[in-house]
Amino acid sequence: MMDFILLGPPGAGKGTQAKLMVDKWNIPQVSTGDILRAAVREGKALGVEAKGFMDRGELVPDRVVIGIIAERLREEDAADGFILDGFPRTIPQAEALQEILDDHGRNIGYVISIEVDDEELVTRLTGRRMCKGCGESFHIVFNPSAEEGVCDRCSGELYQRDDDMEETIRRRLAVYSEQTQPLIAYYEKQGNLRRIDGTGSIEDIFARILEAAGN
Ligand code: AP5
Ligand code: MG
Ligand code: ZN
């Protein structure tokens, strides 16, 4: 059983690396951001509640995302492991996750912290294009799709996220350092944190993750 947390600022490559981990280990990526964006798109009550926070680059309330995760981790495909992408993002979320895992009699294997500096993150996010179908991330310069506007993986339509405007990106980065960065020390204390240099090619970073995970 393999349970991972991908920790890292907006644009660090959590989604990009999660997709490679899914292919390698055949365990699901659980991205609270993707789940919330789907709820917005489908006009669900959850989406209506979350959208304002997301557009401002703020965190959605803990209670909301904890509920999403509690439900998602009960699904059958998560029984043999999962990759948490973008959760937890606050200490209360981390504590709630621990309780959920205790209930299932399981434990986090590795917490992988992907480190990239702020200027690089802004460049990555302003050039990002995301797939409406499968959530795959592309970049107009660093990781372009074969055909412009079309996903390589599922042929879905690519779009620019509403929160990928420079001003909102800066807010998200500030929110990360205030509210999420403390989790690095939290998991370091628990002994399962692995820090990864998040710069270089996508393949290089994936190789660092495999190494950190003992593969
Ligand atoms: P979420 O969707 O999780 O956004 P995020 O954390 O801001 O992270 P991103 O998805 O922007 O970045 P990423 O690390 O996945 O990078 P990617 O692989 O795409 O959350 C969105 C919002 O939802 C939050 O602001 C909040 O409102 C809400 N939310 C979600 N979870 C929540 C929670 N737990 N609690 C409360 N609220 C929550 O890569 C980025 C770009 O870089 C792409 O263009 C990619 O192609 C490119 N790239 C990737 N790797 C490389 C590389 N090695 N070199 C060059 N470019 C690269
Ligand atoms: Mg992402
Ligand atoms: Zn796709």
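Read-outs throughout are calculated quantities, based only on the coordinates presented, and are distinct from any laboratory measurement. No experiment lies behind these values; they were computed from the predicted model shown. Virtual Cβ from ideal backbone geometry, glycine too; neighbours counted across all protein chains shown.
Just a few scattered comments:
- Among GLY81, GLY67, GLY156, the largest mean-square fluctuation in a Gaussian network model of the chain (Cα springs under 10 Å) belongs to GLY67.
- Relative contact order (percent, whole number), the stretch 89-215, Cα cutoff 8 Å, 6+ residue spacing: 34
- For a paramagnetic label modelled on VAL22 (point 7 Å from Cα along Cα→Cβ), amide N atoms under 19 Å away belong, within the stretch 35-66, to 35-42.
- Across all directions, the average flat footprint of the convex hull enclosing the Cα atoms of the stretch 173-215 is 3.6 nm².
- With q set to 0.11, 0.19 Å⁻¹, the log10 of I(q)/I(0) for the stretch 1-157, from the Debye formula over equal scatterers at the Cα positions, is -0.45, -1.39.
- Under the Debye formula (equal points on every Cα, no solvent term), log10 I(q)/I(0) of the stretch 86-215 at q = 0.11, 0.16, 0.17, 0.20 Å⁻¹: -0.50, -1.03, -1.12, -1.29
- Residues whose amide H falls under 5 Å from that of SER31, counting only those 5 or more places apart or on a different chain, are ASP85, with hydrogens built in the peptide plane.
- Label-to-label distance, nm, for residues given as GLU211 and PHE53 (7 Å Cα→Cβ offset): 3.7
- THR199 paired with GLU75, simple spin-label distance in nm, labels 7 Å along Cα-to-beta-carbon: 3.7
- Over the stretch 123-191, volume per residue of the alpha carbon convex hull, in Å³: 120
- The convex hull of the Cα atoms of the stretch 22-110, projected and averaged over all directions, covers 6.2 nm².
- Annotated for the chain: lysine pairs at least 8 residues apart or interchain, Cα distance under 23 Å, count 8.
- Positive-end residue of ALA146, GLN93, ILE205, charge dipole of the stretch 58-215 with Cβ unit charges: GLN93
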